[in-house]
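Student: The structure's right below; bear with me while I get my questions together.
No value in this document is a laboratory result; all are computed from the given coordinates. Predicted model, so just to flag it, every value in this text is computed and none were measured. Reconstructed Cβ throughout: ideal geometry from the backbone, glycine too, with neighbour counts over all protein chains shown.
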């Protein structure tokens, strides 16, 4: 149930972003799919399968909203979810500065994975200067959006906590 709520929250945020971002005169956009996917990976309980499936759904819904080739963002989201799960025992994402740095690193990782996937499926890439500027802009915007996205996702997790102690731990980012 928690994962379904995370998917619906991510879809609502992506829908809001896609409806309003066209009024912003920037080519780059924050990589919210990557942020939600890595959060799902970081907070996966015992098994990774529900979190990976939820990340796939978030990516697929983003594919449909943004008009990218079907499965491109979905596969990227699953890869980032798995990466988040692999580092979740070694990394505690707390504090605004660390969360911003982590979100920027996630956006750069997502951009590199997307470039590799586009090369793999023989989709055309732009010039490297354009790709690098979009990647840098996405990293900066994702760094700014990262604390907000993680706070929203933690609030959703707190709604599914069984006890007051679990709720407070989820809001602080200490989800077991």
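Student: Highest GNM mean-square fluctuation, the chain, Cα pairs closer than 10 Å: which of 165, 118, 96?
Tutor: Among 165, 118, 96, the largest mean-square fluctuation in the Gaussian network model of the chain belongs to 165.
Student: Which FRET efficiency value, to the nearest 0.05, do you get for residue 164 and residue 26 by plugging their Cβ-Cβ distance into 1/(1 + (r/R0)^6) with R0 = 41 Å?
Tutor: It comes to 0.45.
Student: In the Gaussian network model of the chain, springs joining C-alpha atoms below 10 Å, which of 129, 95, 111 carries the largest mean-square fluctuation?
Tutor: Residue with maximal mean-square fluctuation among 129, 95, 111: 129.
Student: Something else about it: Can you pull a Stokes-Einstein diffusion coefficient for region 8-51 at 25 °C (0.890 mPa s), Rh from Kirkwood over Cα pairs, as a whole number of µm²/s? Let's see the in-between values first.
Tutor: Details: Rh = 12.0 Å.
My calculation gives 205 µm²/s for D.
Student: Report the extension gain between residue 53 and residue 1 in nm, rounded to one decimal, defined as 0.36 nm multiplied by the number of residues separating them, less their alpha carbon distance.
Tutor: Numbers: separation 52, 0.36 × 52 = 18.72 nm, distance 1.27 nm.
Between residue 53 and residue 1, full extension yields an extra 17.4 nm.
Student: To continue, here is another question. Using a Gaussian network model on the chain with a 10 Å cutoff between Cα atoms, which of 63, 31, 76 fluctuates the most?
Tutor: Most flexible of the set in this elastic network: 63.
Student: Return one number: the angle in degrees, 0 to 90 and rounded to the nearest 10, between the long axis of the Cα atoms of helix 72-87 and the longest principal axis of the Cα atoms of the chain.
Tutor: Approximately 40 degrees, to the nearest ten.
Student: Residues of region 12-40 with backbone nitrogen within less than 17 Å of a virtual label 7 Å along the Cα-to-Cβ line of residue 130, please, listed as ranges.
Tutor: Under 17 Å, as judged by backbone N against the label point of residue 130, lie 26-29 of region 12-40.
Student: Next question. So what is the relative contact order of region 2-172, in percent, for Cα pairs below 8 Å that sit 6 or more residues apart? Walk me through the numbers before you get to the answer.
Tutor: Working: 235 pairs, mean separation 45.9, N = 171.
Reported relative contact order: 27 percent.
Student: Contour minus end-to-end for residue 15 and residue 148, with contour as 0.36 nm per residue of separation and end-to-end as the Cα-Cα distance? Intermediate results must be reported in sequence, preceding the final value.
Tutor: Values: separation 133, 0.36 × 133 = 47.88 nm, distance 1.62 nm.
Full-extension gain reported as 46.3 nm.
Student: At 20 °C and 1.002 mPa s, grab the translational diffusion coefficient of the chain from Stokes-Einstein with a Kirkwood Rh over Cα pairs, rounded to a whole number in µm² per second.
Tutor: Details: Rh = 16.2 Å.
Using the Kirkwood radius from Cα pairs, D works out to 132 µm²/s.
Student: Rounding to the nearest 10 and keeping the result within 0 to 90°, find how far the Cα-based axis of helix 96-120 lies from the longest principal axis of the chain.
Tutor: For helix 96-120, the angle is close to 50 degrees.
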